[in-house]
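Quick notes on the structure that follows.
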Amino acid sequence: MIDSPHRLRASVGTLLALLLGGAAPAAAQTEELRGRVLQEDGRPIPWATVAAAGSQVVADADARFRLAGLQRGTLMLVVSAPGFGVTERRVDVPAADDLVVVLRPDPVALDALTVTGTMKRVSVAASPVKVEVIPAAVLARSATNNLTEALRHVNGVATQLDCGVCYTNGIRIHGMAGPYTAVLIDGMPIMGALASVYGLNGINPSLIEQVEIVKGPSSTLYGSEAMAGVVNVVTKDPRFAPRWSVDASASDDAEANLDFAFTTEPGELSALFSGNVAYDGRYVDDNDDGFSDFPLERRAVLFAKADLHRDGRPRGALTARAFFEERFGGVEGFTPTHRGSDSVYGESIRTGRMELLGTWHPGPLPSLRVEGSFTLHTQDSYYGATPFQADQRTALLNALWSASPGRHDLLAGLTLRHLHYDDDTPATARAERRVVPGLLVQDEVRWDRLSLLAGLRVDRHAEHGTILSPRVAAKWEPWEHTAVRLNAGTGFRVVSVFTEDHAALTGARDVVLEDALAPERSRSVTLNLNQVVEMGPHPMMIDLDLFHTRFSNKIVPDYDRDPDLIVYGNLDGHAISRGVSLALNQNVGFDRFLYSFGVTWQDVFQVAPDGARARELFAPELRGVASATLALRSLPLTLDYSATVTGPMRLPSYPAPFERPERSPTFALHDVRLAWRLPQESELYLAIANVLDHVQPSPLVDPERPFGDAFDTSYVYGPLRGRSLRLGLRYGVAR
């Protein structure tokens with residue numbers, strides 16, 4: 001953790017002094033640190049990241065680094081590199097000799113670096129906000145190449161199918177529906193409401209360095225959509241990625257997927273280029289309801305990222321991604337000529353998306369970071385005979401300033417978000433244009449065993465006025481290897497019904513908006529106990545979480561008032577999401593054997609003004625996850641196993657004669673992956689998803705009359721796709 005005084009360069013010293021309420025400092029003589037980053041056997045670790053006093057550099061190809069502009073005194077040096085644990089070390093400035101920093105291998109990155117919890121780069125162990133980091137190595141052990149499905153093995157996180165025809169899905173954190181989770185790419189909330197259900201599906205897993213998950217409200221940092229938490233996908237640094245790589249796979253359902261990537265030679269300017277092509281053209285109807293069990297898809301993605309470094313310091317980055325997907329679900333015999341047909345039912349969704357995001361560190365102002373993004377998302381869809389044409393453009397600009405005077409770690413920023421949205425639904429009579437300026441401030445104060453963080457965000461909405469989102473966090477270490485974190489905060493969300501609730505578009509019910517929908521608000525508290533149990537060189541980590549969130553103005557669909565309508569309105573009462581979660585994991589033999597277990601009990605319900613309670617739809621009361629990895633010593637073979645157990649959940653009710661059970665049964669899913677390790681960064685793998693071939697009965701209501709008033713596609717609580725085998729080859733050339 002960086003906890004020493006951070007002096008700005010002379011060019012901005014006056015500004016810092018004014019902000020801190022003091023006089024302008026005189027120019028001070030600065031010092032530098034030199035050193036080298038090595039493995040335990042003395043081999044160099046090139047391109048390691050070295051940070052101290054708010055400054056950050058990258059070691060060169062010979063693992064040597066130079067940190068300049070430092071003040072005399074004692075400071076904390078933080079050193080990290082992919083595949084190694086983070087090392088924190090106090091050093092004196094100036095140092096008599098060059099430093100030698102030794103890093104130990106840590107393939108699962110239990111002490112990785114993160115930016116999601118505080119918008120500043122800190123180690124996971126030092127962050128006052130609990131952040132779960134899932135490294136690329138762990139994601140690669142999943143039996144799927146779909147990131148959304150891979151995340152279902154994270155404790156407290158679940159994926160939920162919203163449609164039994166087109167397979168629209170989302171991520172639930174602590175039982176809250178997908179739109180309550182903000183999805184970030186490299187720290188930028190660029191998905192938006194229209195893209196939320198497809199955003200993660202199109203991300204090439206081979207591009208991911210790690211996924212960071214914060215459970216609990218994060219609106220103070222990331223604004224709307226972050227009421228349940230944040231999923232931040234961190235893409236690879238071009239300097240650390242393989243020279244080139246290819247991952248090709250095919251399943252027994254005739255699903256084919258190809259990922260490829262290559263990088264330039266590392267230098268001041270490094271670049272990564274990648275692409276993904278996927279095709280699934282086989283029609284499967286194993287449950288005999290006359291509809292495809294999973295969608296037919298075509299997808300193409302192009303990705304490019306460039307990073308600029310000078311003198312070992314980051315100066316800027318630019319990332320671009322183009323995404324196209326066409327998916328179909330419906331009856332056999334549907335062709336593109338039937339789009340919009342009222343005789344042959346199909347749900348056909350064509351999505352086009354472009355993303356551009358960048359970061360700039362002004363040379364004279366090392367404590368200032370300017371970042372921005374622009375996304376263009378179009379959707380051309382037909383849900384049976386119902387068209388849905390939508391266009392969304394989102395632009396975001398952040399200017400962030402940081403400093404570390406004394407025990408404080410300050411962050412302040414100005415934000416500006418611009419949204420243009422238009423569709424052809426009754427809710428959008430004219431295009432929506434929204435400009436939201438914002439201000440955020442945050443201060444973390446640290447002592448030896450205690451750190452306190454307070455933050456506030458102020459957003460100005462033309463239609464809703466000024467919205468305040470405060471939060472506080474505390475981290476206390478009463479004993480060695482024990483940490484207690486307490487987080488409390490508020491959240492807000494401006495809702496777009498037609499982009500977030502698939503039931504508003506599919507089926508035969510008409511949609512009614514009861515009143516002008518006010519923003520949803522939340523108040524949340526989470527308590528985390530993290531305990532590391534010493535077991536020689538293989539410690540076990542135990543996490544215990546308690547969480548409670550209270551919603552007001554919650555926007556809910558009423559399916560029961562009229563069988564022909566879906567009525568949306570602000571809830572007169574309130575809603576609660578609360579529960580407890582327990583997880584443990586251990587890495588034995590430095591990636592020779594890893595295992596983890598987790599279980600979450602949650603109580604998610606709505607309370608009417610008269611005090612009557614109703615459980616939230618599709619929120620299981622109990623959910624468990626387990627995984628294990630065994631890397632054989634005698635053979636270059638790795639075996640991965642993962643499982644999820646889902647308890648009962650409340651389901652929608654239907655009138656006679658279409659009654660369905662209103663509670664789901666308990667079910668379990670098991671996945672296995674077998675990989676034969678090859679030289680370089682390569683492997684031949686066989687993955688079996690849903691080993692026991694468990695599927696729920698048909699999720700469709702009245703599928704014989706898909707254009708009738710009773711047709712519904714939202715009765716989805718379990719898997720619709722049975723056992724699937726995937727054979728693949730991942731071949732890469734390391735640097």
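The values are calculated or read from the model by the stated rules, or taken from the named source; none is laboratory data. Keep in mind that this is a model prediction, so the values were computed, not measured. Methodologically, a virtual Cβ is constructed for each residue, glycine included, from the backbone with ideal geometry; neighbour enumeration extends over all protein chains shown. All accessible areas refer to the heavy atoms of the entire protein, side chains included, with ligands and DNA or RNA removed. Shrake-Rupley method; radii C 1.70, N 1.55, O 1.52, S 1.80 Å.
Matching residues to (1) in a strand (DSSP E or B); (2) more than 24 Å from C166 (Cα to Cα):
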position: T359; (1), (2): yes, yes
position: P362; (1), (2): no, yes
position: L376; (1), (2): yes, no
position: L400; (1), (2): yes, yes
position: L410; (1), (2): yes, yes
For the stretch 436-470, give me each residue that is open to solvent by 50 Å² or more (accessible area, probe 1.4 Å) and either in contact (Cβ under 8 Å) with a residue 40 or more places away in the chain or not in a strand (DSSP E or B) (or both).
W447, D448, R449, L452, L456, A462, E463, H464, P470
Log entry, pairs with first residue in the stretch 528-545 being in contact (Cβ under 8 Å) with a residue 40 or more places away in the chain, second being of a type in the set (D, E) and open to solvent by less than 60 Å² (accessible area, probe 1.4 Å), beta carbons closer than 7 Å, six or more apart or on different chains, reads N528/D543; N528/D545; N530/D543
Candidate set: the stretch 690-735, residues that are assigned to a loop (DSSP other than H, G, I, E, B) and aromatic (F, W, Y); chosen: the one farthest from W676 (Cα to Cα):
F707
Pair list, Cβ < 6 Å and 6+ apart or interchain, from the stretch 366-379 residues that are farther than 12 Å from T319 by Cα and aliphatic (A, V, I, L, M) to residues that are part of a strand (DSSP E or B) and open to solvent by 10 Å² or more (accessible area, probe 1.4 Å)
L368/W401; V370/W360; V370/A399; L376/M354; L376/R393
Suppose we keep only residues that are outside any strand (DSSP E or B) and at pLDDT 80 or above within the stretch 169-215. Which one would you say is nearest to L700 (Cα to Cα)?
H174
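Residues are listed down the side, and each one gets a yes or a no for (1) in contact (Cβ under 8 Å) with a residue 60 or more places away in the chain; (2) open to solvent by 20 Å² or more (accessible area, probe 1.4 Å):
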position	(1), (2)
V231	yes, no
D247	yes, yes
S270	no, no
F273	no, yes
Y283	no, yes
N287	yes, yes
F291	yes, no
Based on this model, can you work out whether G384 counts as out of contact with any His (no Cβ under 9 Å at 6 or more places or on another chain), closer than 26 Å to E463 by Cβ and among the small types (G, A, S)?
no
Of the residues in the stretch 301-311, how many are within 30 Å of G281 (Cβ to Cβ) and surrounded by 21 or more Cβ atoms within 10 Å (Cβ to Cβ)?
1
Within the stretch 702-718, considering residues that are open to solvent by less than 20 Å² (accessible area, probe 1.4 Å) and under 24 Å from A668 (Cα atoms), the one modelled with the lowest pLDDT:
S714
Among what's in the stretch 642-659 and is hydrophobic (A, V, I, L, M, F, W, C) and under 23 Å from the mean Cα position of the chain (by Cα), pick the residue that is least open to solvent (accessible area, probe 1.4 Å).
A643
Going residue by residue through the stretch 216-227, is there one that turns out to be within 27 Å of I171 (Cβ to Cβ), modelled with pLDDT under 85, open to solvent by 20 Å² or more (accessible area, probe 1.4 Å) and in contact with a Pro (Cβ under 9 Å, 6 or more places away or on another chain)?
yes
Across the stretch 719-734, which residue is farthest from P665 (Cα to Cα) among those that are open to solvent by 10 Å² or more (accessible area, probe 1.4 Å) and in contact with a Ser or Thr (Cβ under 8 Å, 6 or more places away or on another chain)?
V733
Here is a check on your reading of the model: is R350 among the basic types (K, R) and either modelled with pLDDT of 90 or more or farther than 30 Å from L452 by Cβ (or both)?
yes
Being under 29 Å from the mean Cα position of the chain (by Cα) and open to solvent by less than 30 Å² (accessible area, probe 1.4 Å) narrows it down to one residue among R350, R321, R298, R315; which is it?
R321
Quick one: count up the residues across the stretch 130-144 that are open to solvent by less than 40 Å² (accessible area, probe 1.4 Å), aliphatic (A, V, I, L, M) and either assigned to a loop (DSSP other than H, G, I, E, B) or farther than 24 Å from D545 by Cβ (or both).
3
Exactly one of P699, P636, P679, P655 is farther than 22 Å from Q602 by Cα, of a type outside the set (S, T, Y), touching a Ser or Thr at 6+ places or on another chain (Cβ under 7 Å) and modelled with pLDDT under 95, and that residue is P699
Answer yes or no as to whether P665 is within 19 Å of A158 (Cα to Cα), open to solvent by less than 50 Å² (accessible area, probe 1.4 Å) and assigned to a loop (DSSP other than H, G, I, E, B).
no
Going by the structure shown, is S577 touching a residue at least 24 places away in the same chain (Cβ under 8 Å), buried (at least 20 other Cβ atoms within 10 Å of the Cβ), over 30 Å from F551 (Cα atoms) and in contact with a strand residue (DSSP E or B) (Cβ under 7 Å, 6 or more places away or on another chain)?
no
For the structure I just gave you, tell me whether N553 is open to solvent by 30 Å² or more (accessible area, probe 1.4 Å), out of contact with any Cys (no Cβ under 7 Å at 6 or more places or on another chain), at positive phi and modelled with pLDDT of 70 or more.
yes
Scan the stretch 672-684 and tell me whether some residue there is under 30 Å from L729 (Cβ atoms), in contact with a helix residue (DSSP H, G or I) (Cβ under 9 Å, 6 or more places away or on another chain) and outside any loop (DSSP other than H, G, I, E, B).
no
Could you please let me know if D62 is open to solvent by 10 Å² or more (accessible area, probe 1.4 Å), modelled with pLDDT of 80 or more, of a type outside the set (S, T, Y) and in a loop (DSSP other than H, G, I, E, B)?
yes
Residues R433, R393, R417: which one is open to solvent by 30 Å² or more (accessible area, probe 1.4 Å), in contact (Cβ under 8 Å) with a residue 60 or more places away in the chain and in a strand (DSSP E or B)?
R417
Counting just the residues of the stretch 588-641 that are over 30 Å from P652 (Cα atoms), outside any strand (DSSP E or B) and among the small types (G, A, S), which one comes out most open to solvent (accessible area, probe 1.4 Å)?
S634
